[in-house]
Amino acid sequence: MRKSIILCRSGEDERDKAKQLKKKAEEHGIDALIMVIDEKRPGHEYYFSIIQSCPDLVFTLDFAGFEMSTETGEIALINLPCRNIHVILKEREQDFRKYLPRKLSIAMFFYCHEHEIFNRLQVQYPDIPYLKLVKDWDHMLEDVQAEAV
């Protein structure tokens with residue numbers, strides 16, 4: 001069974017989405033632990049917790065965890081020794097402008113559930129290493145499993 005961590009923010013809606021993803025991931029043979037990001041806690045503490053747990057996959061919901069950065073200002077997630085699955089559920093223009101023009105990793109897979117967001121990202125950020133439109137959690141997880149081979 002693959003091991004994963006789901007990063008989400010502390011809002012109730014975000015935690016509910018993380019619980020939905022956890023349930024679906026487990027149905028697809030992926031053990032999932034939810035890690036709620038509190039922006040008051042230093043990012044390196046989350047980063048080291050992720051490293052210590054040795055996950056096969058890290059899921060982020062709406063850019064949770066992207067605020068973790070290296071000493072050189074890069075997104076710390078690009079240095080994780082596992083696949084990054086970034087799920088974009090809603091419009092996050094500020095995060096798009098802040099994170100998507102930066103250095104990204106080929107281990108970063110971005111999934112959109114909204115056609116309009118997918119089209120916009122495809123046009124405005126053509127350097128995203130992997131961007132796919134999926135209609136639900138099941139289709140996304142099937143793709144994740146197929147791409148992780």
Check: Under the condition of being of a type in the set (A, V, I, L, M, F, W, C) and in a strand (DSSP E or B), which residue from the stretch 82-104 is farthest from the chain's Cα centre (by Cα)?
Finding: ILE88
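State all residues of the stretch 79-99 that are buried (at least 17 other Cβ atoms within 10 Å of the Cβ) and not polar (S, T, N, Q); if no residue qualifies, say none. Talk me through it step by step, then tell me what you get.
Looking only at the stretch 79-99, we keep the residues that are buried (at least 17 other Cβ atoms within 10 Å of the Cβ), and these are 80, 82-88, 96, 99.
Hits for the stretch 79-99 are LEU80, CYS82, ARG83, ILE85, HIS86, VAL87, ILE88, PHE96, TYR99.
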Checklist line | LYS24 among the basic types (Lys, Arg), part of a helix (DSSP H, G or I), in contact (Cβ under 8 Å) with a residue 60 or more places away in the chain and out of contact with any strand residue (DSSP E or B) (no Cβ under 8 Å at 6 or more places or on another chain) | finding: yes
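It is to be established whether one or more residues within the stretch 105-117 are touching a strand residue (DSSP E or B) at 6+ places or on another chain (Cβ under 9 Å) and either assigned to a helix (DSSP H, G or I) or modelled with pLDDT under 90 (or both).
Our first condition is that a residue be touching a strand residue (DSSP E or B) at 6+ places or on another chain (Cβ under 9 Å); within the stretch 105-117, this holds for 105, 107-115, 117.
Among the residues that remain, those that are also either assigned to a helix (DSSP H, G or I) or modelled with pLDDT under 90 (or both) are: 115, 117.
Yes - at least one qualifying residue is present in the stretch 105-117.
Is it fair to say PHE48 is of a type in the set (Phe, Trp, Tyr), over 16 Å from the mean Cα position of the chain (by Cα) and modelled with pLDDT under 95? Lay out the reasoning, then the answer.
On the way: of a type in the set (Phe, Trp, Tyr): yes; over 16 Å from the mean Cα position of the chain (by Cα): yes; modelled with pLDDT under 95: yes.
Yes, satisfied.
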Check: Only one of (1) touching a residue at least 40 places away in the same chain (Cβ under 8 Å); (2) more than 20 Å from LYS132 (Cα to Cα); (3) out of contact with any Gly (no Cβ under 7 Å at 6 or more places or on another chain) is not met by LEU61, so which one is it?
Finding: (2)
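What about PHE66, is it among the aromatic types (Phe, Trp, Tyr) and in a loop (DSSP other than H, G, I, E, B)?
Working: among the aromatic types (Phe, Trp, Tyr): yes; in a loop (DSSP other than H, G, I, E, B): yes.
It is true that PHE66 is among the aromatic types (Phe, Trp, Tyr) and in a loop (DSSP other than H, G, I, E, B).
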Checklist line | Failed criterion for ASP56 (all others in (1) exposed (fewer than 14 other Cβ atoms within 10 Å of the Cβ); (2) in contact (Cβ under 8 Å) with a residue 40 or more places away in the chain hold) | finding: (1)
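Does the stretch 69-81 include one or more residues that are modelled with pLDDT of 95 or more, part of a strand (DSSP E or B), in contact with a helix residue (DSSP H, G or I) (Cβ under 9 Å, 6 or more places away or on another chain) and among the β-branched types (Val, Ile, Thr)? Show your work before the answer.
Keep residues of the stretch 69-81 that are modelled with pLDDT of 95 or more, which gives none.
There is no residue in the stretch 69-81 that is modelled with pLDDT of 95 or more, part of a strand (DSSP E or B), in contact with a helix residue (DSSP H, G or I) (Cβ under 9 Å, 6 or more places away or on another chain) and among the β-branched types (Val, Ile, Thr).
The values are calculated or read from the model by the stated rules, or taken from the named source; none is laboratory data. Keep in mind the model is a prediction, meaning the values are calculated, not measured. Quick reminder, even Gly has a Cβ in these numbers, built from the backbone with ideal geometry, and neighbours come from all protein chains shown.
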